[in-house]
Every structure is written in structure tokens, then in C-alpha cells.
1. Looking at (1) in contact (Cβ under 8 Å) with a residue 24 or more places away in the chain; (2) farther than 18 Å from Ile392 by Cα; (3) of a type in the set (Gly, Ala, Ser); (4) surrounded by fewer than 21 Cβ atoms within 10 Å (Cβ to Cβ), which is the one condition that is false for Gly348?
2. Of the numbered conditions (1) crowded, with 21+ Cβ neighbours inside 10 Å; (2) in contact with a His (Cβ under 8 Å, 6 or more places away or on another chain), Val290 fails exactly one; give the number of that condition.
3. Given (1) touching a residue at least 60 places away in the same chain (Cβ under 8 Å); (2) within 13 Å of the ligand (Cβ to nearest atom), where does Ile181 come up short, assuming only one miss?
4. Out of (1) under 30 Å from the mean Cα position of the chain (by Cα); (2) modelled with pLDDT of 95 or more, the odd one out for Leu106 is which?
5. Scan Pro219, Pro263, Pro208 and give me the residue that is modelled with pLDDT of 95 or more and out of contact with any Phe, Trp or Tyr (no Cβ under 7 Å at 6 or more places or on another chain).
6. Output the qualifying pairs, or none if there are none: Cβ atoms under 6 angstrom, residues six or more apart or on different chains, first residue in region 287-311 and more than 27 Å from Pro174 (Cβ to Cβ) and assigned to a helix (DSSP H, G or I), second residue of a type in the set (A, V, I, L, M) and modelled with pLDDT of 95 or more.
7. Keeping to region 216-232, report how many residues are buried (at least 22 other Cβ atoms within 10 Å of the Cβ), under 26 Å from Glu187 (Cα atoms) and free of Cβ contacts under 8 Å to residues at least 60 places away in the same chain.
8. Going through region 240-286 one residue at a time, which ones are hydrophobic (A, V, I, L, M, F, W, C), outside any helix (DSSP H, G or I) and touching a residue at least 40 places away in the same chain (Cβ under 8 Å)?
Amino acid sequence: MRIYKVGGAVRDRLLGKPVTDIDWVVVGATTEEMLAKGFRPVGADFPVFLHPKSGEEYALARTERKSGRGYGGFTFHASPEVTLEEDLIRRDLTINAMAEDDQQNLTDPYHGQRDLEARLLRHVSPAFAEDPLRVLRVARFAARYATLGFTVAPETLALMHQLSESGELEALTPERSWKEISRALLEDQPQVFVEVLRACGALKVLMPEVDALFGIPQPPAHHPEIDTGAHTLSVLQQAALHKQPLTVRWACLLHDLGKGLTPEDEWPRHIAHEFKGLKLIKAVNERFKVPRDCQELALLVGEYHTHGHRALELKPSTLLELLQSFDIYRRPQRFEEFITACEMDARGRKGLEERSYPQADYLRGAATAARSVAVQPLLEKGFKGPELGEEIKRERLKALKAYKEATSV
Ligand code: CTP
């Protein structure tokens, strides 16, 4: 049996990037031989094994053929006769279809190294189309390597286009799609992910609500970039520049969906887009079975981002409502993430990337003021039940009034 390092580990070593997990392919072996060497099978009838010590994945060389719709519809063939070249040709991109032996000798039948140098994400063969998830994968790799100058090869983009139009993307499970989306959003240039999906027509299928934002104008006074889609991408880019977590990035992507619903005769204004957008945000959240923390923050940022921008003008009672909506007493982190998302929204505008955002500290101060109301003295005064709740609210409102007065110049 011969063992090779394959896929991302080879690609990233050649790019001079850190290699985190290593995949191996085993040529000329049978399942029985693998088991005899102590490898643990990953699934009952899939030819992938875990190394008894390192836990790394070792797959028998295999060929694959699509036998139906979706990911389940695959038949594969693994046997000691399957060659390394046959295994590599079923893979997605040329840069992911290289193998290396223990002497670092490269097997590169599909010219991955040439494409690495040319900074091209290019599919290996028409078999690319057998897994529609690859449309998202390519967009994700484009986001990851954009800084290095990588782009998608035109013929690959054309194939992605065909796949997007074929209805195959609809067959992807929410879990697989979300895994790609979430990983892509955490890359350095997540906006490139959205751009590539849009360029190949996949955005229209996966997130029509985001796709609809392109071509919708906003008032130039607040939005020099004018286009709502361009704004959304800049907000996402700001979130990545400021190393924000997934929750914030997801909220940034969805915060303005309501603008896609504005009747054309109201453009470039978007009255009540915050509220109108909520049902769209909810739909996207549910489509991909998005984790609860991301869902919640996206909805809250969607509903309240304009409140964030207007923080300094808000009446104490409105400020209190905002703080209560976020349950800042039990969920301080979530409010902090809201503040940052608002800041990214304010900076994700052409020429305003470096602007200061005094609203952030103002909101933090307001939260501190509201939290400073102690419950114990109210209990001692004999308040309980709903009355206690009302009294706490009254005290918090008092604290916010004092805060507003103390901070106004
Ligand atoms: N692969 C593929 N098509 C897929 C998934 C994976 O062709 N839909 C192949 C590629 O050759 C890929 C390898 O399997 O390089 C390993 O897949 P994975 O671990 O998902 O990706 P990596 O390339 O290692 O990339 P990452 O750094 O994102 O993990």
C-alpha cells in the first residue's frame, strides 16, 4: 500500500500557509488490510478510516459517480486497483487535487501547481458538477484566498452558473450549506463569498433576499455608495476587518433585507425597513437552520440598528425599551455585539470607513446606568411581583434620565 497526503494540506503547504488538518489517501489497500493495521472505520460502508494514533483521516483511493439528486445520490468504488490519478480527478479544484508522498514528491496530474501560481480556482473535470456544494466551496475559497490574488477561472464560473440554474442547489441540506456559509463568513474577505455567489447566479437561489438588494438605491447623504447591495458587502467587510465573530457577521449580512421590499416610488428612502425586514431575516435563518445565537442577533440588529445610530437622540424611555429588548441584564454580550454590528453598519459606507462612532460608548454607558439600579433596596421597601417589576423599570428610567443629562453638552 502507498500513502499520500492530499487536498488542503498539500495546497496550503505550497502556498506557505499553516496546515491544520491532514487528509491522506491510501492506494493499493483493502478495507481488511486497513482494519488489520488498527485503523478505525468512520462509517459502516464508507472507505474512510481514522489513524489509530493521530486520528487523521485515511481514505482508500476511490472513484465516484452520481446516481441521483443531492448528496445522498452517490455511488463509489474503492478497490486496490483504483489509481491515485483516478482518485484525484473526482475532486473539486485543481489546487485541491494534488498529492504528496513522504518525500514531498508531488503528484499533480491536473496542474494544480500551475493554477496555484496563476492564482486560479479551476475545476478538475466535469465531475465537479456532481456535488452542488462545490459552488459554495469555490466561493468560500475565493473569499479565503482573495488577499493572495486568487480568482475563479471563467470556465469554472460558467459551470457554477449551470449548476445554479439546474435546481441542484435546492437539493443541498441546510446543514451542509450552513457549514460552508459560516466558514466563508469567517474568512478574511467574506464579501468575496457573496460576490462570487452572485456572479454565478447562486445567490439568487440560496439567498434571494440578499440578491435583491443589488440595484436598490439609498439616500446619498447617508450612503455615498448608494447601492444597498454594495453597502451590505462593505458592512460585512468591515466586520471582517474588525475581526468580529460569526454572530456579528451574520447580522451584518442580513441587517438591511427590508430595503429589498421598499416600493420603487419610495426610493431612495426606506421607511420602516427595519421592521419590514424581519420576516425575511426569519426566512433566511430558518432556511439554513442557523444557530440560535446568530438567528437572534440578526433579528435584533435588523429591528434596532437605526435606534443604534440615533442613540444620542433617543428619549430615555425609548432607550430603556431598547435595553429591555436586549435583556442586557442577563445577556450583556449580545448587546455588545449589537453595538458593534451598528458600528460596522455606520462604517460600511463609501468614504466613511474611518468615522468615529460615539453612539457605541453612549450605549455602553446607558447599559451601565440601567444595570446600576439595585433590586435589594426595593425588596426591602416591600415591593414584590408585578409592582416590583414596575418599580425597577421606574428606577431604571430615572437612572437613564440622569445619564442623558450628565452626558449632554
Ligand atoms: N473535496 C472535493 N469536493 C468536496 C469536498 C472535498 O473534491 N465537496 C476534496 C478536495 O480535494 C479537498 C479534500 O477533498 O481538498 C478535502 O476536503 P476538505 O477537508 O473539506 O477541504 P480542504 O481542501 O482540506 O480545505 P479546508 O482548508 O477548507 O479544510
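1. (4)
2. Checking Val290 against (1) crowded, with 21+ Cβ neighbours inside 10 Å; (2) in contact with a His (Cβ under 8 Å, 6 or more places away or on another chain), the one that fails is (2).
3. (2)
4. (1)
5. Answer to the check: Pro208.
6. His307/Leu322; Ala311/Leu363
7. So the count comes out to 2.
8. Step one: of region 240-286, the residues hydrophobic (A, V, I, L, M, F, W, C) are 240-241, 246, 248, 250-254, 257, 261, 267, 271-272, 275, 278, 280-281, 283-284.
Checking the rest, the ones that are also outside any helix (DSSP H, G or I) come to 267, 271-272.
Within region 240-286, just Trp267 meets the criteria.
The values are calculated or read from the model by the stated rules, or taken from the named source; none is laboratory data. The shown structure was predicted, so the numbers you read here are calculated from the model rather than taken from an experiment. Cβ sites come from the backbone with ideal geometry, for glycine too, and all protein chains shown count toward neighbours.
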